[in-house]
Amino acid sequence: MGEVWVVRHGETEWSRDGRHTGTTDIELTEDGEASARELAPRLAERPFALVLTSPLQRARRTAELAGFPDAEVDDDLVEWRYGDYEGITTEEIRETVPGWTVWTHPVPGGESADEVAERLDRVIARCHDTDGDVLLVGHGHALRALAARWLGLPATDGRLLKLDTGTVSVLGHERESPAVVHWNA
């Protein structure tokens, strides 16, 4: 098996403003589109055996602008479902739930970390079944949880991996151990 290249979608208004953007299908900003285009030369150098994207337009558009208009949609790459917290900021949530984070507290009407881990484990299994490098285009919290699962950690340990919009990260191995090769680059 090769490496797994992970791309977080370009900036949206809500990601820029710190709003939880789960399944709300928001477009990229002009800056988000520009950063997605800037990924194309870096990603063109790699022959990916499999390219998967979240079904949401911000990820699909990032994949397209980065040079992968035919990326296969994988519903398991969708962002964490934030339920009642969709569209609001952590600061707003903490007005009623002090100390809240998606990693440590319930998400009313949304997904638990275990539910997110279950679907991301299916994505990882697809990566392991692929002969060659894989490119995944998705979302901040989900990709952070995916990286934690790649390392054999609970999805909640994704809290340790900050991930900016429009960035590339690489998961691979150090000998036979899963490893983070590059992060947030």
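The values are calculated or read from the model by the stated rules, or taken from the named source; none is laboratory data. Every value quoted in this text rests on a predicted model; they were computed, and no experiment measured them. Neighbour counts run over all protein chains shown; Cβ positions are idealised from the backbone, glycine included.
Each row is one residue, and each column tells you yes or no for (1) surrounded by fewer than 22 Cβ atoms within 10 Å (Cβ to Cβ); (2) under 16 Å from residue 133 (Cα atoms); (3) under 15 Å from the mean Cα position of the chain (by Cα).
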site	(1), (2), (3)
13	yes, no, no
17	yes, no, no
27	yes, no, no
31	yes, no, no
36	no, no, yes
41	yes, no, no
55	yes, no, yes
Q. Among the residues of region 155-185, how many are without any contact (Cβ under 8 Å) to a residue 24 or more places away in the chain, at positive phi and either buried (at least 18 other Cβ atoms within 10 Å of the Cβ) or of a type in the set (S, T, N, Q) (or both)?
A. 1
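Which one of 116, 107 is more than 15 Å from the chain's Cα centre (by Cα), buried (at least 17 other Cβ atoms within 10 Å of the Cβ) and over 24 Å from residue 44 (Cα atoms)? Explain how you work it out, then say what you get.
Numbers: 116 fails: more than 15 Å from the chain's Cα centre (by Cα).
From the options 116, 107, the qualifying one is 107.
For residues in region 1-12 being of a type outside the set (D, E, K, R), part of a loop (DSSP other than H, G, I, E, B) and in contact with a Ser or Thr (Cβ under 6 Å, 6 or more places away or on another chain), which is farthest from residue 53 (Cα to Cα)?
Going residue by residue through region 1-12, those that are of a type outside the set (D, E, K, R) are 1-2, 4-7, 9-10, 12.
From what is left, the residues that are part of a loop (DSSP other than H, G, I, E, B) are 1-2, 9-10.
Right, trim to in contact with a Ser or Thr (Cβ under 6 Å, 6 or more places away or on another chain) and you get 9-10.
Working: 9: 10, 10: 13 Å.
Filtering region 1-12 for residues that are of a type outside the set (D, E, K, R), part of a loop (DSSP other than H, G, I, E, B) and in contact with a Ser or Thr (Cβ under 6 Å, 6 or more places away or on another chain), the one farthest from residue 53 (Cα to Cα) comes out as 10.
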Q. Could you say which residue among 97, 134 is among the β-branched types (Val, Ile, Thr) and buried (at least 18 other Cβ atoms within 10 Å of the Cβ)?
A. 134
Q.
Cβ-Cβ under 7 Å, sequence separation 6+ or interchain: first residue in region 116-135 and of a type in the set (Gly, Ala, Ser), partner assigned to a helix (DSSP H, G or I) and buried (at least 20 other Cβ atoms within 10 Å of the Cβ). Which pairs?
A. 117/145; 117/149; 117/155
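So if I check each of 15, 35, which one is modelled with pLDDT of 95 or more, touching a Ser or Thr at 6+ places or on another chain (Cβ under 6 Å) and among the hydroxyl-bearing types (Ser, Thr, Tyr)? Talk me through it step by step, then tell me what you get.
Details: 35 fails: touching a Ser or Thr at 6+ places or on another chain (Cβ under 6 Å).
From the options 15, 35, the qualifying one is 15.
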Q | Failed criterion for residue 122 (all others in (1) crowded, with 18+ Cβ neighbours inside 10 Å; (2) assigned to a helix (DSSP H, G or I) hold) | A | (1)
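Given the structure, is residue 24 in contact (Cβ under 8 Å) with a residue 60 or more places away in the chain, in a loop (DSSP other than H, G, I, E, B) and within 16 Å of residue 140 (Cα to Cα)?
Working: in contact (Cβ under 8 Å) with a residue 60 or more places away in the chain: yes; in a loop (DSSP other than H, G, I, E, B): yes; within 16 Å of residue 140 (Cα to Cα): yes.
So residue 24 passes the test.
Of all residues in region 76-114, which are among the charged types (D, E, K, R), touching a residue at least 24 places away in the same chain (Cβ under 8 Å) and assigned to a helix (DSSP H, G or I)?
Within region 76-114, the first condition is being among the charged types (D, E, K, R), and the residues that meet it are 76, 79, 81, 84, 86, 91-92, 94-95, 111, 114.
Remaining after also requiring touching a residue at least 24 places away in the same chain (Cβ under 8 Å): 76, 79, 81, 84, 86, 91, 111, 114.
Across region 76-114, the qualifying residues are 76, 84, 91, 114.
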